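Just so it is clear, none of the values below were taken in a lab; they were calculated from the coordinates. Note that the structure is a prediction, hence the values are computed from the model and not measured. Cβ coordinates were reconstructed from backbone atoms using ideal geometry, including for glycine residues, and neighbour counts include every protein chain displayed.
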Amino acid sequence: MDDPLYRPPIVRQVSELIGATPLFELCRTESDARLLLKLEQFNPTGTAKIRMARQMVLDAEERGLLRPGGRIVESTSGNTGLGLAVVAAERGYTFTAVVDHHAAVDKLRAMKALGAELVYVADAGDEELATAAREEFAEKLAAESDNAYFTEQHNNPANGVGYHPVARELDAALDGRIDILIGAVGTGGGLFGTGSVLRETVPGVRIVGVEPKGSIAFGPPAHDYHQSGTGTPEGATIGAMVDYALLDEGTKVGDVEAFATARAVARRTGLLLGGSAGGVVHEALTRMSALPPGTTVVALINDGGEKYMDTVFDDDWMADRDLLSPQMEREVDELMAKLRRTAPDTTPQPPQEKN
């Protein structure tokens, strides 16, 4: 029931809407092990990465690396660029995004709509992930421009700091009752920035990282993959925030499993997840039945599926790349049906009128 006294906040900047994202219970087993999704798509731009985008800019300002009217430069597959475009617009900077055609088209369109300049390092029609080429060109571009700053998300400590509030939000919402934190590993900022602070208040939390099959952060073999905004392709440097000492387990999930999970979750729950988030959820779901009673698993969901209508949720695009698997989608759906038990409704009810 809606609270008739609720008054929504009035904000003056989009970035004031960052944070306080909800937790969604995807499933609860018969032994009360539960999987909670931290829905970061409810941040502005529909992604967690606006958290670290803002922090990188604030850090650069504090260190005198960005002056009024300056230019921000970043190599991005889309979500970081969306966050930087918002922050640049708010704070009076221009923003140049160095991109390739591996990124979801909707992300590229949205960055441009927010005023970003897009610079491509690959020809049209070339869908290869070009992380190393993007970063090399972004560094060069910033070095050759006056009053320009390359935020360099893969090696910028402010990236991880931007996710510290996620840990505090989880701790406050769950009173420290978190047994497993699982998330995608790209730059490493999201999982390890959150995990490092969460370990301070929940020392026993187990941290599990997920990358696409084909990514190299957790070892070979290397090959192409279609999950965007995550992983470390061959030839790219593993992000400085990938903290192996903090990691309890690193796992890999293939594109077929990741995308089938995103599609199955959408149909069963009405919740749209991004492709790499599908990989995280797939890994979490396969573990649930073996967990001890009462275990709480929190999966970090970096973005929603709205940006992937032309890819993950498009049958033709999926089939053209041999990624479409109705069988895998059925298996995921059956697993959710087996695990998805709704918790008792504890919502306070209005008092009944006495006769």
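Number of Lys-Lys pairs in the chain with C-alpha atoms under 22 Å apart and a separation of 8 or more places or on different chains: 14.
So for segment 119-268, what are the equivalent ellipsoid semi-axes in whole Å, largest first, each being the square root of 5 times an eigenvalue of the Cα gyration tensor?
So the three semi-axes of segment 119-268 are 28, 22, 14 Å.
Comparing Cα centroids, segment 117-162 and segment 250-324 end up 27 angstrom apart. Helical runs (DSSP H, four residues minimum) scored at -39500 (n - 2.57) apiece and divided by the length of the chain put the mean residue ellipticity at 222 nm at -11000 deg cm²/dmol.
Its relative contact order, with pairs defined as Cα atoms under 8 Å and 6+ residues apart, puts segment 157-291 at 23 percent.
Averaging sequence separations of C-alpha pairs under 8 Å and six or more residues apart, then dividing by the length of segment 19-152, give the relative contact order as a whole percent. All intermediate terms of the calculation are to be shown ahead of the outcome.
Working: 230 pairs, mean separation 29.9, N = 134.
Once divided by the residue count of segment 19-152, the mean separation gives 22 percent.
In segment 142-227, a dipole from Cβ-located charges (positive for Lys and Arg, negative for Asp and Glu) runs towards its positive end, and of 218, 187, 150 it is 218 whose Cα lies farthest in that direction.
Semi-axes of segment 1-56's equivalent ellipsoid from the Cα gyration tensor, sqrt of 5 times each eigenvalue, largest first, rounded to whole Å? Over the Cα atoms of segment 1-56, the semi-axes work out to 27, 20, 7 Å. Here the ratio of the Cα radius of gyration of the chain to 2.2 N^0.38 Å is 1.00. Taking label points 7 Å from Cα along the Cα-to-Cβ direction, residue 290 and residue 245 give a separation of 2.9 nm.
Taking every DSSP bridge with both residues inside the chain, close to 15 percent are antiparallel. Projecting the Cα atoms of 204, 115, 256 onto the charge dipole of the chain (Cβ charges, centred on the Cα centre) puts 204 farthest toward the positive pole. Comparing 302, 155, 147 in a Gaussian network model of the chain, where Cα atoms under 10 Å apart are tied by springs, the biggest mean-square fluctuation is seen for 147.
Rounded to the nearest 20 debye, the dipole magnitude of segment 64-131 is 480 debye, with +1 charges on Lys and Arg beta carbons, -1 on Asp and Glu beta carbons, and the Cα centre as origin.
With a ≥ b ≥ c the root eigenvalues of the C-alpha gyration tensor of segment 5-151, is it rounded (a/c under 1.5), prolate (a/b larger than b/c) or oblate? Walk me through the intermediate numbers first.
Numbers: a/c = 2.30, a/b = 1.42, b/c = 1.62.
Oblate, because a/c is 1.5 or more while a/b does not exceed b/c.
Within segment 1-150, DSSP assigns beta bridges of which about 30% are antiparallel (rounded to the nearest 5). Between the listed residues 68, 87, 13, the Cα displaced farthest toward the positive end of the dipole of segment 1-111, a dipole computed from Cβ unit charges relative to the Cα centre, is found at 68. For residue 127, no residue 5 or more places off, or on another chain, has a built amide H under 5 Å of its own.
Fraction of C-alpha pairs exceeding 13 angstrom in segment 147-186: 66 percent, rounded to a whole number. Sum up the charges of everything whose Cβ sits under 15 Å from the Cβ of residue 23, counting Lys and Arg as +1 and Asp and Glu as -1, but leave residue 23 out. Here the count lands on -1. Coupling constants for segment 204-214 follow from the phi torsions by the Karplus curve (6.51 cos²θ - 1.76 cosθ + 1.60, θ = phi - 60°), and in residue order they are x, 5, 8, 10, 10, x, 10, 10, x, 4, x Hz; glycine and proline get x.
Springs between Cα atoms under 10 Å define the GNM used for the chain, and in it the highest mean-square fluctuation of 157, 212, 293 occurs at 293.
Working from the alpha-carbon coordinates of segment 210-345, get Rg over Rh, Rh being the Kirkwood radius. Mind dumping the intermediate values first?
Working: Rg = 15.4 Å, Rh = 15.8 Å.
In segment 210-345, Rg relative to Rh is 0.97.
Looking only at 213, 107, 140, which one moves most when the chain is put into a Gaussian network model with springs between Cα atoms under 10 Å? Checking each option, the largest mean-square fluctuation is seen for 140.
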